[in-house]
1. Return the residues of segment 124-163 that are open to solvent by less than 60 Å² (accessible area, probe 1.4 Å) and among the β-branched types (Val, Ile, Thr); say none if nothing qualifies.
2. Checking the structure you have, find out if any residue of segment 94-103 is within 27 Å of the chain's Cα centre (by Cα) and farther than 30 Å from Glu248 by Cβ.
3. Enumerate the pairs (first residue in segment 163-178 and hydrophobic (A, V, I, L, M, F, W, C); second residue anywhere and buried (at least 17 other Cβ atoms within 10 Å of the Cβ) and assigned to a loop (DSSP other than H, G, I, E, B)) with beta-carbon separation below 8 Å, excluding pairs fewer than 6 apart on the same chain, so at least 6 apart or on different chains.
4. Modelled with pLDDT under 90 and either open to solvent by 80 Å² or more (accessible area, probe 1.4 Å) or not in a helix (DSSP H, G or I) (or both): which single residue out of Trp47, Trp115 fits that description?
5. Suppose the filter is at pLDDT 80 or above and surrounded by 15 or more Cβ atoms within 10 Å (Cβ to Cβ); does Gly238 pass it?
6. Tell me whether segment 84-101 contains one or more residues that are outside any helix (DSSP H, G or I), surrounded by 14 or more Cβ atoms within 10 Å (Cβ to Cβ) and of a type in the set (Phe, Trp, Tyr).
7. Anything in segment 257-288 that is more than 30 Å from Val165 (Cβ to Cβ) and open to solvent by 50 Å² or more (accessible area, probe 1.4 Å)? List them, or say none.
8. So, in segment 289-336, how many residues would count as being within 22 Å of Val165 (Cβ to Cβ), open to solvent by 50 Å² or more (accessible area, probe 1.4 Å) and within 22 Å of the chain's Cα centre (by Cα)?
Amino acid sequence: MAMGPGGDSVREVPHGAGTAGHPAPALPRPVAAHPPTVTGRHRGSSWWKRRAAPYVFISPFFILFAVFGLYPILFSFYLSFHSWNAVGGLGSMEWVGLENYTYLLTDPWFWKSLWNTVWLLIVSGLPQHLIAIPLAFILNSGLVRLRNLFSASYFMPYITSTVAVAMIFTTIYGTQYGALNAALAWLADHARLGWLWERLGLELPVNWLGRAAYIKPAIAILVVWRWFGWNTMLYLAGLQTIPRELYEAAMVDGASIPQQFRWITLPLLKPIAFFAVTLTIIGNMQLFDEPFVLTGGTGGTSESGLTVALYLYRTGFEWLYMGSAAAMSWMLFVIIVGMSILNFRLMGRAGLERRGG
């Protein structure tokens, strides 16, 4: 007996029973629920979707990395212990042990190229950051109109072809008709700058790319011009993560703009500075394009513009000493890692801890 909506008892109608004179329609019998049968085909499909398919979809990256990234690295390390002329094929490889490394340690050209590289790292790397940090601070302060236009113009050298930039600078450095020598001649004739010219002792016109003393400064000027915009964008991105409330509170306390730069911007910008300096170390230690184009691929007079990367290229692909070139690449790798660790010791850890706190 069941209860109706008003509390009245309602008689249940059995299956097959109807009202008087009319048989009740047959109700469908409930079908017992059975768990789905997992066949071998479905089991294989599930295993494919959950386990195998993700690895198959990402496998192109690992295959390409293994072929074009990992294999050359391992082969160059293996090659650094061999003497090999690539023209003779793999059968001409000869095991020499550490002879390539010991030879480089006594090679005066390698030490000269390393000195040139470190010189360019310091002389061209330091000005990049000394220019980029104040410039980014000014762009971020809101005092400059058309900030996006200036940012794009500073970034333009970075996206311009290195070969095109180096060829333009080759024209600028021209001895007789170069724009730089013309500007220096105008300054030398200026009455108020004559004393400065006597101090510098420059003889005009300057043979920028022909005399050993001027080749490295010529390369450094090009490197600074090309990369300071990149660092400016890095510092500008870092400045935009600093809360504006800090500057507003400093202004309320009467801090001037130089004081805000000294006590707010520089401390909070240390993580970005660490990142930018690390990139500068890695990039300048592998400097190749600029000295290659400006010196015609030779390193210039007395190898004054010969960097380690350029010497490596000449050793491997001009003189075909592949084993020595491979050993040089690994020595350069160790030097870069050492400089990066030194940079981390000097400024990285302190900057990250300060920002994290």
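The values are calculated or read from the model by the stated rules, or taken from the named source; none is laboratory data. Remember, it's a predicted structure, so these values are computed and weren't measured experimentally. FYI the Cβ positions are ideal-geometry reconstructions off the backbone, even for glycines, and counts take in every protein chain you see. For the accessible areas, the whole protein counts, side chains as well, though only heavy atoms, and no ligand, DNA or RNA atoms are used. Shrake-Rupley method; radii C 1.70, N 1.55, O 1.52, S 1.80 Å.
1. Ile133, Val144, Thr160, Thr162
2. no
3. Final answer for the pair search is Ile172/Gly178.
4. After ruling out the rest, the residue left standing is Trp47.
5. Yes, satisfied.
6. Yes - at least one qualifying residue is present in segment 84-101.
7. Correct list: Ile257, Pro258, Gln259, Arg262, Trp263, Leu266, Lys270.
8. The total comes to 3.
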